[in-house]
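Written out below as structure tokens is the structure these notes cover.
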Amino acid sequence: MIIVRAELTDLPRLLRFRTDAAGWLKRLGTDQWSQPFPASNIAASIRAGEVFLFKEDQALDAVATVTLDRNIDPELQDLWTPDEQDERALYVHKLVVDRQYAGQDLGGRILDWAGDLAARQEDRWLRLDAWTTNTRLHHYYLGHGFRHVRTTRDPDEVSGWLAQRPARLAPHGFGDPTGVSPVGAKEPERKMGP
């Protein structure tokens, strides 16, 4: 499996990941992601080079996605202490695996890749927030080495369960034929013509 950086032409697939995941989550009894997410927000993350796709082959459709950045969700800013905010961390957002790949721990491998990337960038932590009421998801992350930090008491904050694990080098088995650079780094300029 290979990793590629998403392009704006991938936006329909990224939106489909989210709607498919919302449908599956609804069948499990949770309202996570039931509200449409603005396509403009995803497009901004694509333009910033923060959205990654996982494919069996370059020519095939993506089977998973994750967004990685250094941004604490503004609504959760106050949940991280000032000392925590000062620590170098890479944040995981919008991790989705196509249901046909369920049960293969592809999500765990993606988390390992993200943690490996964070370690190579000299970050201390790999962090995330999760849907506050989705205890199944909390157990998934705890089972993948994350430690619960705290949960908001604000009933209006739906994604206020915070967790982190140390950034660490890890085998993940992904190929990178595209030269995906560290998050926040600029892509090399491609020369056109001779």
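What the table below lists for this structure:
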read-out	value
Qualifying residue in the stretch 11-33 (condition: touching a Ser or Thr at 6+ places or on another chain (Cβ under 6 Å), in contact (Cβ under 8 Å) with a residue 12 or more places away in the chain, of a type outside the set (A, V, I, L, M, F, W, C) and within 24 Å of residue 165 (Cβ to Cβ))	no
Candidates 153, 168, 127, filtered to the one that is charged (D, E, K, R), part of a strand (DSSP E or B) and without any contact (Cβ under 8 Å) to a residue 60 or more places away in the chain	127
Enumeration of residues in the stretch 53-110 that are farther than 16 Å from residue 146 by Cβ and of a type in the set (Asp, Glu)	56, 57, 61, 69, 73, 75, 78, 83, 86, 98
Index of the failed condition, residue 67 passing every other in (1) of a type in the set (Val, Ile, Thr); (2) over 18 Å from residue 111 (Cβ atoms); (3) touching a His at 6+ places or on another chain (Cβ under 6 Å)	(2)
Filter result for the condition that a residue is at pLDDT 95 or above, under 18 Å from residue 160 (Cβ atoms) and among the charged types (D, E, K, R), over 84, 75	84
Flag if residue 63 is among the β-branched types (Val, Ile, Thr) and crowded, with 20+ Cβ neighbours inside 10 Å	no
Qualifying position, being surrounded by fewer than 18 Cβ atoms within 10 Å (Cβ to Cβ), part of a loop (DSSP other than H, G, I, E, B) and at pLDDT 95 or above, among 145, 179	145
Sole exception among (1) modelled with pLDDT under 95; (2) crowded, with 19+ Cβ neighbours inside 10 Å; (3) assigned to a helix (DSSP H, G or I) for residue 159, by number	(3)
Any hit, the stretch 116-127, residues being modelled with pLDDT of 95 or more, surrounded by 15 or more Cβ atoms within 10 Å (Cβ to Cβ), within 26 Å of residue 37 (Cα to Cα) and of a type in the set (D, E, K, R)	yes
From 106, 14, 53, residue being surrounded by 12 or more Cβ atoms within 10 Å (Cβ to Cβ) and within 22 Å of residue 168 (Cβ to Cβ)	106
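The values are calculated or read from the model by the stated rules, or taken from the named source; none is laboratory data. All values derive from a computational prediction rather than experimental measurement. Don't worry about glycine lacking a Cβ; one is built from the backbone with ideal geometry, like all the others, and counts go over all protein chains shown.
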